[in-house]
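**Q** Structure below; questions to follow.
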Amino acid sequence: MGKVKRPIAETIVAVRGGGDLATGVIQKLVHAGFKVVILETAKPLAIRRTVALCTAIFQGEHQVEDLNATLVSTLPECHEVWSNKQIPIMIDEQAELVTELKPTILVDAILAKKNIGTNKNMAPITIALGPGFCAPEDVNVVIETMRGHQLGRLYFQGEAMPNTGIPGEIGGKSSERVIHSPASGKVKHVKKIGDVVKRGEVLFYIDQVAVHSPLDGVLRGLISEKVYCQKGLKCGDVDPRSIDQVDCYTISDKARALGGAVLEAVLWLGREKDLF
């Protein structure tokens, strides 16, 4: 794609994915003045739905802190939403609309632990979060997503740390706080995000199969009832900390850290390429 220099306020950023971590990235980009559009699947699998802008896919719109996402289907609708200081979100799992949107920046924030189609031909600046990408072959820069000392590090050469399959520790609990579906079927909620729950309580059903809380704590994540749940899919998360220590409604520290890292990469590469 050819280089076109333009003001930040006229610079389009396409973000693949609108989950809770992507939402932290989107907030930093919006605050910096970029025009952000979210490209999502028709059935997002985010469990931290209260802090994930992809929830707008199911509801038509969704607010997280000072961000408002609105579901649209055309480029003119995108411009209308931008003019209202909101964020357009589009159903575009394969990022086919990139050719029409012509973003200056593309961020892969799907966090699929693998590359499902993002490449450097999509935009003058390409950034990817987490393992599955190699810089500079796949994208210009890869962002470290593993909690710990390297979180948010920019890799201009190489890859992020491999996925361990072990969730980050919260309140002394790791794998045991995450719930995976014991069966395939439709989801029916019993509890809602933010509820205080006890170990053994029924949180939701997968068809006729009851899914119980593995711990005492706060239900922090719960997959949408509009998703058909496949056996083994991550579908819930119980935070073992007390209710006064858990925030289910604002962007997390990790999401903010990743947002700062992406913004750093955007400004660094934008300066190097003289794009804005």
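Where a number appears in this text, it was derived from the coordinates with a stated rule and is not lab data. Only a predicted model underlies this, so the values are computations on that prediction, with no experimental measurement involved. Using ideal geometry, Cβ is built from the backbone for each residue, glycine included, and neighbour counts are taken over all protein chains shown.
**Q** On a C-alpha basis, how far is the centre of region 257-276 from the centre of region 179-229 in Å? Whole number, if you could?
**A** 39 Å
**Q** Just for the chain, what percent of DSSP beta bridges are antiparallel, to the closest 5?
**A** That works out to approximately 55 percent antiparallel.
**Q** Just subtract the alpha-carbon distance of GLU272 and ASP253 from 0.36 nm times their residue separation and send over the number in nm, one decimal.
**A** 4.0 nm
**Q** From Cα coordinates alone, what are the radius of gyration and Dmax values for region 36-174 in angstrom?
**A** That works out to 16.0, 49 Å for Rg and Dmax.
**Q** Given +1 on the Cβ of Lys and Arg, -1 on the Cβ of Asp and Glu, and no further charges, what dipole in debye does region 61-163 carry about its Cα centre, rounded to the nearest 20?
**A** 400 debye
**Q** Further, regarding this structure: Excluding ALA9 itself, what net charge comes from residues whose Cβ is under 15 Å from its Cβ, given Lys and Arg +1 and Asp and Glu -1?
**A** That works out to +3.
**Q** Going by a ≥ b ≥ c, the root eigenvalues of the Cα gyration tensor, does the chain fall in the rounded group (a/c under 1.5), the prolate group (a/b larger than b/c) or the oblate group?
**A** prolate
**Q** Check the straight Cα-Cα distances from LYS102 and name the aspartates and glutamates below 16 Å, setting aside those fewer than 8 residues away within the same chain.
**A** The reachable aspartates and glutamates, counting only those whose Cα sits under 16 Å from LYS102, are GLU10, GLU77, ASP92.
**Q** Another one. Using a 10 angstrom cutoff on alpha carbons, build the Gaussian network for the chain and name the most mobile of PRO124, PRO76, PRO136.
**A** Most flexible of the set in this elastic network: PRO76.
**Q** Further, regarding this structure: Compute the distance in nm between two label points, each set 7 Å from the Cα along the Cα-to-Cβ direction, one at ASN119 and one at THR74.
**A** 3.1 nm
**Q** Right, here's the next one. Among VAL190, GLY18, PHE58, whose Cα sits farthest toward the positive end of the charge dipole of the chain (+1 at Cβ of Lys/Arg, -1 at Cβ of Asp/Glu, about the Cα centre)?
**A** VAL190
**Q** Another question, then. Wrap a convex hull around the Cα atoms of region 11-70, take a quarter of its surface area, and give that in square nanometres.
**A** Across all orientations, region 11-70 yields a mean hull projection of 3.5 nm².
**Q** OK, next. So if we plug the beta-carbon distance of LYS226 and GLU96 into 1/(1 + (r/R0)^6) with R0 = 30 Å, what FRET efficiency do we get, rounded to 0.05?
**A** With R0 = 30 Å, the Cβ-Cβ based efficiency is 0.85.
**Q** State, to one decimal in nm, how far the label point of HIS180 lies from the label point of ILE243, with both points 7 Å from Cα in the Cβ direction.
**A** Going from the HIS180 label point to the ILE243 one covers 3.2 nm.
**Q** Which value, in debye to the nearest 20, gives the size of the charge dipole of region 1-110 about its Cα centre, when Lys and Arg are +1 and Asp and Glu are -1 at the Cβ?
**A** So the dipole magnitude of region 1-110 works out to roughly 360 debye.
**Q** As a test of the formula, what do you get for the chain when each DSSP H run with n ≥ 4 contributes -39,500 (n - 2.57) and the sum is divided by the residue count, at 222 nm and rounded to the nearest 500 deg cm²/dmol?
**A** -5500 deg cm²/dmol
**Q** Next question, about the same structure. With a ≥ b ≥ c the root eigenvalues of the C-alpha gyration tensor of region 44-109, is it rounded (a/c under 1.5), prolate (a/b larger than b/c) or oblate?
**A** Oblate shape, in that a/c is at least 1.5 and b/c is the bigger or equal ratio.
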